[in-house]
1. Does the stretch 139-160 hold any residues that are farther than 20 Å from Gly20 by Cβ and either within 10 Å of the ligand (Cβ to nearest atom) or surrounded by 15 or more Cβ atoms within 10 Å (Cβ to Cβ) (or both), and which are they?
2. Among Met43, Met71, which is the only one that is in contact with a helix residue (DSSP H, G or I) (Cβ under 9 Å, 6 or more places away or on another chain) and at pLDDT below 95?
3. Which numbered condition in (1) surrounded by 15 or more Cβ atoms within 10 Å (Cβ to Cβ); (2) among the β-branched types (Val, Ile, Thr); (3) under 13 Å from the mean Cα position of the chain (by Cα) is the only one that Val16 fails?
4. Is it true that Val15 is in contact (Cβ under 8 Å) with a residue 60 or more places away in the chain, within 12 Å of the ligand (Cβ to nearest atom) and under 16 Å from Trp96 (Cβ atoms)?
5. Please work out which one of (1) near the ligand (Cβ under 8 Å from one of its atoms); (2) without any contact (Cβ under 8 Å) to a residue 40 or more places away in the chain; (3) loosely packed, with under 15 Cβ neighbours inside 10 Å is the condition Trp96 fails and give its number.
6. What number of residues within the stretch 13-59 satisfy the criterion of being touching a Leu at 6+ places or on another chain (Cβ under 6 Å) and either at positive phi or not small (Gly, Ala, Ser) (or both)?
7. Do any residues in the stretch 58-70 that are without any contact (Cβ under 8 Å) to a residue 40 or more places away in the chain have Cβ atoms under 8 Å from those of residues that are of a type in the set (Ser, Thr, Tyr), where the two are at least six apart or on different chains, and which pairs are they?
8. Where in the stretch 1-97 are there helices (runs of 4 or more DSSP H), lying fully within it, with 3 or more residues that are in contact with a His (Cβ under 7 Å, 6 or more places away or on another chain)?
Amino acid sequence: MDELVLVRVLHVLGVVLWIGGVAMVTFVLLPTLAKMQSPSEAMAFFQQFRQRFAAQARLSTLVVGISGFYMIYALDIWHRFVQWQYWWMHAMVLIWLFFSVMLFVMEPRGRKQVSVASSSEVSAATFVKIQRKHLLLLVLGLLTIAGAVAGSHGWLISGI
Ligand code: HEM
């Protein structure tokens with residue numbers, strides 16, 4: 001049982017590092033870049049930043065995924081995936097899947113295409129668009145965290 005507590009601690013630490021990073025990008029980095037004089041320089045900075053952040057987020061994603069599936073296996077709670085009051089279990093896996101595809105497939109591919117992309121197409125509006133996408137992911141992540149903490153400590157939507 002003790003090892004399950006440790007796995008849970010690792011799970012939450014991974015989530016904090018990863019979703020905390022998304023919050024920082026959304027509320028601090030992107031608004032700052034949108035205000036910079038030269039959008040193409042801002043984009044060059046963003047691309048470097050993103051590359052470093054992706055490396056860290058890949059590690060957190062791995063920790064979160066391995067610890068999450070280990071808990072499902074050890075607690076034998078697979079049945080939750082067919083019970084709607086455990087919506088946050090589905091949400092956790094879906095968000096994890098989405099980020100995994102982004103970090104392990106799209107980000108390395110995008111890096112190869114960066115040199116080809118024309119920097120003249122970048123404007124302040126580009127950062128506003130990127131910020132909106134990050135905000136949506138962040139809100140989904142926070143809702144999932146709220147549901148997961150409440151649900152795993154016994155606060156479930158009753159009915160079924
Ligand atoms: C493959 C992906 C994931 C799996 C398999 C998974 C699985 C789990 C499991 C089995 C639990 C324990 C539930 C319980 O004790 O009743 C849990 C807890 C939790 N998960 Fe995940 N999870 C995953 C991804 C995520 C993601 C992406 C987030 C954040 C957005 C997240 C946030 C949390 C939180 C906050 C808890 C509650 C910890 C606590 O208060 O004890 N998980 N997860």
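1. Listed by number, the residues that qualify are Gly151, His153, Gly154, Leu156.
2. The conditions single out Met43.
3. Of the numbered conditions (1) surrounded by 15 or more Cβ atoms within 10 Å (Cβ to Cβ); (2) among the β-branched types (Val, Ile, Thr); (3) under 13 Å from the mean Cα position of the chain (by Cα), the odd one out for Val16 is (1).
4. yes
5. If we test Trp96 against (1) near the ligand (Cβ under 8 Å from one of its atoms); (2) without any contact (Cβ under 8 Å) to a residue 40 or more places away in the chain; (3) loosely packed, with under 15 Cβ neighbours inside 10 Å, just (3) comes out false.
6. 4
7. Taking only residues 6 or more apart or on different chains, the pairs are Gly65/Ser100.
8. Per the criteria, 39-75.
The values are calculated or read from the model by the stated rules, or taken from the named source; none is laboratory data. Because the structure is predicted, anything quoted here is derived from the model rather than measured. Because the Cβ atoms are built from the backbone with ideal geometry, glycine has one as well, and the counts that use them run over all protein chains shown.
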